[in-house]
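As structure tokens, the structure follows; a few thoughts come after it.
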Amino acid sequence: MAEYIVKILDVKQLTHDVKRFRVEKPEGYIFKPGQATGVAINTPELKKRRRSFTFTGLNEDTHLEFTIKIYPEHNGLTKDLDAAVPGTELLIGSPWGAITYKGKGVFIAGGAGITPFISIFRDLQARNELSGNMLLFANKTRADIILEKELRDMLDGAFVNILSDEEQEGYFGGFISEEFLRTHVSDLGVNFYLCGPPLMMRTVTDLLAGLGVDKKAVTMDL
Ligand SMILES: Cc1cc2nc3c(=O)[nH]c(=O)nc-3n(C[C@H](O)[C@H](O)[C@H](O)COP(=O)(O)OP(=O)(O)OC[C@H]3O[C@@H](n4cnc5c(N)ncnc54)[C@H](O)[C@@H]3O)c2cc1C
């Protein structure tokens, strides 16, 4: 498998625990919006600690972009990435992943599970094809919502937020339920795209099946 050494170009704090990393793009490197790649820090001690991260930029960009939730308590790669600065070398592999756009539909994301959809939405927006898609985005609190303003600007009324741990005017409360899906999804015959923590994925998959959504219409990383 191909492996590329790329330097971090800049780092920006997006939420209290999410950072955007812009990194060099190897020549001719192409990914499909929604795909991910393996990332490690290129030092002898850390190069074996590889995790997958999703491209959140566009192929047209001159750099690659990752949007990464930092887990300081894990003592894993994201803790080390939290300390990374412009100039830090990363190792990245080839693009891979099952989440790609198959046509208009409902995107359901939990927390950092929004990352494949950021790239898909930005790509559709750039091609003027975003209209007709909808995002249901589940988070604990409003402060956890990644790129809320950009998503609202792109999707307008087709952007519904649900918060499990906080009551906020204009935001739905609780977890995604059958009632929530029935309220917000007018057509169950469209494509569904899911990405989020394992428990949310299991719950939403079961809810969609219970509502009669065809398994083949549901796209997610396995
Ligand atoms: C296809 C794909 C794409 C992905 N894209 C993204 C993305 O774009 N952005 C993003 O942020 N993430 C993404 N992820 C998730 C990412 O790959 C990592 O799993 C996540 O960032 C956690 O990595 P970590 O190294 O910090 O910790 P981990 O690898 O999860 O954990 C390291 C160690 O911490 C300990 N640990 C684990 N859980 C806990 C806990 N709850 N409390 C205390 N200690 C614990 C364990 O000992 C573990 O070995 C993606 C995953 C996949 C599969």
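The values are calculated or read from the model by the stated rules, or taken from the named source; none is laboratory data. All figures in this text were calculated on a predicted structure; none of them were measured in a lab. FYI the Cβ positions are ideal-geometry reconstructions off the backbone, even for glycines, and counts take in every protein chain you see.
Quick notes
- Test: Leu64 is aliphatic (A, V, I, L, M), farther than 13 Å from Ser94 by Cα and not assigned by TED's automatic domain parsing to the domain that holds Thr141: no
- Among the residues of the stretch 36-80, those that are near the ligand (Cβ under 7 Å from one of its atoms), among the hydrophobic types (A, V, I, L, M, F, W, C) and part of a strand (DSSP E or B) comprise Ala36, Phe53, Phe66, Ile68.
- So Ala112, is it within 12 Å of the ligand (Cβ to nearest atom), closer than 29 Å to Asn133 by Cα and assigned to a loop (DSSP other than H, G, I, E, B): no
- Residue that is surrounded by the most Cβ atoms within 10 Å (Cβ to Cβ) [pool: residues in the stretch 91-106 that are hydrophobic (A, V, I, L, M, F, W, C) and in a loop (DSSP other than H, G, I, E, B)]: Ile99
- Scanning the stretch 109-153 for residues that are under 21 Å from Leu199 (Cα atoms) and in contact with a Pro (Cβ under 8 Å, 6 or more places away or on another chain) turns up Gly110, Gly111, Gly113, Pro116.
- Leu211 being within 15 Å of the chain's Cα centre (by Cα) and either surrounded by 12 or more Cβ atoms within 10 Å (Cβ to Cβ) or in the same structural domain as Ile68 (by TED's automatic domain parsing) (or both): no
- Residue among Lys104, Lys47 that is among the charged types (D, E, K, R), within 30 Å of Asp214 (Cα to Cα) and out of contact with any helix residue (DSSP H, G or I) (no Cβ under 6 Å at 6 or more places or on another chain): Lys104
- Count - residues of the stretch 91-109 that are within 13 Å of the ligand (Cβ to nearest atom) and among the β-branched types (Val, Ile, Thr): 3
- Those residues of the stretch 151-176 which are among the charged types (D, E, K, R) and either free of Cβ contacts under 8 Å to residues at least 24 places away in the same chain or within 19 Å of Ile99 (Cα to Cα) (or both), in sequence order: Arg152, Asp153, Asp156, Glu167, Glu169
- All of Thr88, Thr141 fail the test of being more than 12 Å from the ligand (Cβ to nearest atom), farther than 27 Å from Arg50 by Cβ, polar (S, T, N, Q) and surrounded by 13 or more Cβ atoms within 10 Å (Cβ to Cβ), apart from Thr141.
- The residue that is farthest from Gly97 (Cα to Cα), among those in the stretch 177-219 that are outside any helix (DSSP H, G or I) and β-branched (Val, Ile, Thr), is Val185.
Per-residue answers, yes or no, for (1) in contact (Cβ under 8 Å) with a residue 12 or more places away in the chain; (2) in the same structural domain as Thr205 (by TED's automatic domain parsing); (3) not small (Gly, Ala, Ser):
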site: Pro72; (1), (2), (3): no, no, yes
site: Ile99; (1), (2), (3): yes, no, yes
site: Ala109; (1), (2), (3): yes, yes, no
site: Gly113; (1), (2), (3): yes, yes, no
site: Gln125; (1), (2), (3): yes, yes, yes
site: Asn133; (1), (2), (3): yes, yes, yes
site: Ile146; (1), (2), (3): yes, yes, yes
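- Among the residues of the stretch 11-30, those that are part of a strand (DSSP E or B) and surrounded by 12 or more Cβ atoms within 10 Å (Cβ to Cβ) comprise Val11, Leu14, Thr15, Val18, Lys19, Arg20, Phe21, Arg22, Val23, Glu24.
- Here is the figure for the stretch 31-48: residues that are surrounded by 13 or more Cβ atoms within 10 Å (Cβ to Cβ) and over 15 Å from Pro95 (Cα atoms) total 4.
- Scanning the stretch 140-160 for residues that are in a helix (DSSP H, G or I) and closer than 18 Å to Ala112 by Cβ yields a count of 7.
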